[in-house]
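Below is one structure. I have some questions about it.
FYI, it's all coordinate maths here, none of it is from the lab. Here the structure is a predicted model, which means the values were calculated and not measured. Positions of Cβ are generated from backbone atoms using ideal geometry, with glycine treated the same way; all protein chains shown enter the neighbour counts.
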Amino acid sequence: MPTHRCDVDHGEDFALGGATDHRNLCALCRRHHTLKGETPWRVKHHPGGVIEWTSPGGLHYVDTPPPVTIGFVPDTDDAPF
């Protein structure tokens, strides 16, 4: 899901002192944001955007973001002016 359609989530809950900075934030779709906040599932943020989910039964699931792709090719020609 595109990031602009996601909720911004605090890894460490804001109400419990979690900082609002890039080291403690990630984008979650509404379903996963609700799952994290309203159920016994737990989430741990790792460097590089990796998220580790822990189920109520103790199973671990690691979600690695897709590689970043460049959506444009810079023009190498000199400007005509």
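Residues that are among the polar types (S, T, N, Q) and over 11 Å from GLY11 (Cα atoms): list the strands (runs of 3 or more DSSP E) wholly contained in the range 22-81 that include at least 1 such residues.
Values: elements: 25-28, 42-45, 51-54, 60-63.
The strands (runs of 3 or more DSSP E) meeting that bar are 51-54.
Report, by residue number, each residue of the range 1-28 that is of a type in the set (Gly, Ala, Ser) and either exposed (fewer than 10 other Cβ atoms within 10 Å of the Cβ) or touching a residue at least 12 places away in the same chain (Cβ under 8 Å) (or both).
Quick first cut of the range 1-28, residues of a type in the set (Gly, Ala, Ser) only: 11, 15, 17-19, 27.
GLY11, ALA15, GLY17, ALA27 - these are the residues of the range 1-28 that are of a type in the set (Gly, Ala, Ser) and either exposed (fewer than 10 other Cβ atoms within 10 Å of the Cβ) or touching a residue at least 12 places away in the same chain (Cβ under 8 Å) (or both).
Which of the residues that make up the range 1-21 are in contact with a Gly (Cβ under 7 Å, 6 or more places away or on another chain) and either among the basic types (Lys, Arg) or part of a strand (DSSP E or B) (or both)?
Taking the range 1-21 as the starting set, the residues that turn out to be in contact with a Gly (Cβ under 7 Å, 6 or more places away or on another chain) are 10-12, 18.
Hit for the range 1-21 is HIS10, nothing else.
Just checking, does the range 40-47 include any residue being in contact with a strand residue (DSSP E or B) (Cβ under 9 Å, 6 or more places away or on another chain), surrounded by 10 or more Cβ atoms within 10 Å (Cβ to Cβ) and hydrophobic (A, V, I, L, M, F, W, C)?
Checked against the condition, which is being in contact with a strand residue (DSSP E or B) (Cβ under 9 Å, 6 or more places away or on another chain), surrounded by 10 or more Cβ atoms within 10 Å (Cβ to Cβ) and hydrophobic (A, V, I, L, M, F, W, C), the range 40-47 yields at least one hit.
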